[in-house]
Amino acid sequence: MKSVISALLSAALLVSASAAALAADSGDTLAADTLYTLELVEGSDAGYELDRVPTRIEALVFSMRLAGLADEAVGCRAGFPFTDIPAWANEYVSYAYENGLIEGISDTEFGSDMPARDKDFLTLLLRVLGYSDSDGDFTWATSGSAAVRLGIAQSLYSDFDRGDMFDCALAALTCRLNGQDITLIDSLVASGDVDRAKASALGLTGLRPLSAVQVAERYSSAVAMLECYANSVQLLNKTPSSNASGFFISEDGILVSNYHTIDKAVYCSVTLESGEQFAVERVLYYDADIDVSVLKVSQTPIGGGEAVSFPYLNMMSSATTKVGDVVYALGNPLGLQSSISSGIISNNHRETSQFVMPMIQNTASISQGSSGGALMNEYGYVIGITSGYFTYGQDMYLAVPIDAVLETDLSGEGITLAELAAMDITASNS
């Protein structure tokens with residue numbers, strides 16, 4: 001947790017919130033009370049001051065607590081050049097300055113009493129959650145809309161005050177850290193920065209359902225479009241024999257799809273939501289009978305460039321599903337990238353003549369090109385691989401349970417697509 005936050009407090013625009021007390025007559029009191037109970041804010045004789053605009057020094061201290069850095073700051077005497085730091089914040093500023101996490105408005109002033117704006121604080125919260133404005137996840141200008149999509153903020157703010165800040169912070173606690181299988185509050189509990197019993201009593205720990213907006217915003221970037229070529233002529237003319245979907249399950253380029261998406265292909269390219277393209281290097285696992293393939297994708301873009309780390313999805317056994325559960329299908333129907341549909345599980349053990357294993361029947365719409373996409377539960381975990389549908393039915397879609405991937409050793413070298421295609425030709429001629 002602490003390593004994720006290492007760079008997040010840099011920027012001259014840090015936002016508010018030192019803390020609070022025990023009473024206030026505002027609708028934001030519940031959020032402040034909750035944060036006070038978790039010891040993420042402190043009491044004062046002035047109360048929560050929910051209607052007051054937060055200051056930069058309040059923001060620094062509050063943000064360090066949300067980042068799990070408060071205990072590390074205790075006793076820090078490294079010093080700093082700023083002359084406008086209140087005595088109560090000396091240790092926090094010493095720690096932040098020593099670790100290169102803050103900047104002043106000048107060589108000698110931090111700007112402690114200057115107001116912090118909504119985008120300043122939302123930028124900081126997004127960084128706490130592991131999103132990076134330097135890597136292009138968002139910008140200061142888009143931090144408000146990004147926070148709304150993630151469910152951190154309910155709307156953009158015209159007049160941002162401490163009550164709004166506490167509301168946003170409370171919502172952020174139940175967000176999953178970017179690219180990780182843990183929420184902010186659970187990470188604080190795991191590190192000992194928040195008391196487990198208190199967090200549990202407040203109902204903040206454990207899995208929480210996500211909206212379709214949250215699923216799309218958080219996970220669409222981990223779903224890619226595959227373009228597969230059956231021969232060198234198609235590749236030369238850039239006319240793929242098929243388009244399909246796939247999703248990453250590791251940052252180093254392990255991608256899951258169907259087997260039929262790569263069947264007979266000698267080359268496949270993978271296009272990210274950003275438009276960057278990468279080549280499939282190896283086939284780490286395949287099973288034609290259950291229609292699953294696991295591919296290793298090059299981390300260097302086609303045409304050259306710096307190696308990347310891919311956004312990826314976490315998986316959960318389909319055995320955890322129940323009929324009626326909400327699900328989301330992410331893929332590229334008809335080659336339309338970044339598409340999402342929603343539905344429910346109609347049957348989690350549907351036997352059909354077309355597949356050798358029971359499938360997940362659901363109502364999340366898919367079309368040609370969706371094959372190999374992710375079927376996710378409402379908690380943001382992949383439970384299946386979108387694979388097909390009943391031609392003469394309505395809202396009758398099928399997904400391969402993800403369990404085969406969960407149970408497979410993917411540490412082997414694998415084979416190339418061309419080698420797999422040659423094996424298929426040999427097998428069909430024998």
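Identify all residues within the range 154-164 that are within 22 Å of the chain's Cα centre (by Cα) and more than 14 Å from residue 211 (Cβ to Cβ); write none if there are none. Within the range 154-164, 155, 156 meet the criteria.
Picking from residues in the range 173-192 that are assigned to a loop (DSSP other than H, G, I, E, B) and of a type in the set (Val, Ile, Thr), the one that is nearest to residue 373 (Cα to Cα) is 182. Against the test of being modelled with pLDDT under 95 and either of a type outside the set (Phe, Trp, Tyr) or in the same structural domain as residue 348 (by TED's automatic domain parsing) (or both), the options 298, 241 yield a single qualifying residue, 241. Can you find, within the range 255-266, the residue that is farthest from residue 413 (Cα to Cα) among those that are surrounded by fewer than 20 Cβ atoms within 10 Å (Cβ to Cβ) and not basic (Lys, Arg)? The selected residue is 260.
For the range 174-194, the count of residues that are surrounded by fewer than 21 Cβ atoms within 10 Å (Cβ to Cβ), among the acidic types (Asp, Glu), over 30 Å from residue 49 (Cα atoms) and assigned by TED's automatic domain parsing to the domain that holds residue 38 is nonzero. Taken as a whole, the condition of being assigned to a loop (DSSP other than H, G, I, E, B) and buried (at least 22 other Cβ atoms within 10 Å of the Cβ) applies to residue 110. In the condition set (1) touching a residue at least 12 places away in the same chain (Cβ under 8 Å); (2) aliphatic (A, V, I, L, M); (3) assigned by TED's automatic domain parsing to the domain that holds residue 147, residue 213 is compliant with all but (3). Highlighted here are the helices (runs of 4 or more DSSP H) found entirely within the range 1-104 that include at least 2 residues which are under 20 Å from residue 133 (Cβ atoms) and at pLDDT 90 or above: 56-66. Once the range 262-284 is narrowed to residues that are part of a loop (DSSP other than H, G, I, E, B) and within 24 Å of the chain's Cα centre (by Cα), the residue that is modelled with the lowest pLDDT is 274. The set of residues in the range 193-242 being outside any loop (DSSP other than H, G, I, E, B), within 30 Å of residue 35 (Cβ to Cβ) and touching a helix residue (DSSP H, G or I) at 6+ places or on another chain (Cβ under 9 Å) consists of 196, 198, 199, 200, 201, 213, 214, 216, 217, 218. Quick one: would you say residue 244 is touching a residue at least 60 places away in the same chain (Cβ under 8 Å) and over 28 Å from residue 183 (Cβ atoms)? Here the answer is yes, as residue 244 does meet what is asked. Taking the criterion of being farther than 14 Å from residue 406 by Cβ and either part of a strand (DSSP E or B) or among the hydroxyl-bearing types (Ser, Thr, Tyr) (or both), the residues of the range 285-298 that qualify are 286, 293, 295, 296, 297, 298. Annotation for the range 225-239: no member residue is buried (at least 22 other Cβ atoms within 10 Å of the Cβ) and among the basic types (Lys, Arg).
Listed here are the residues, each with its yes/no results for (1) under 30 Å from residue 149 (Cβ atoms); (2) among the charged types (D, E, K, R).
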{"position": "229", "(1), (2)": "no, no"}
{"position": "251", "(1), (2)": "yes, yes"}
{"position": "277", "(1), (2)": "yes, no"}
{"position": "281", "(1), (2)": "no, yes"}
{"position": "286", "(1), (2)": "no, no"}
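On the basis of being surrounded by 22 or more Cβ atoms within 10 Å (Cβ to Cβ) and either in the same structural domain as residue 223 (by TED's automatic domain parsing) or out of contact with any strand residue (DSSP E or B) (no Cβ under 8 Å at 6 or more places or on another chain) (or both), does residue 293 make the cut? The answer is yes for residue 293.
If you go through the range 299-345, how many residues are part of a strand (DSSP E or B) and either under 22 Å from the mean Cα position of the chain (by Cα) or surrounded by fewer than 17 Cβ atoms within 10 Å (Cβ to Cβ) (or both)?
Qualifying residue count, the range 299-345: 14.
The values are calculated or read from the model by the stated rules, or taken from the named source; none is laboratory data. Everything quoted here is computed from the prediction, not taken from an experiment. For neighbour counting, all protein chains shown are included, and Cβ atoms are generated from backbone atoms with ideal geometry for every residue, glycine included.
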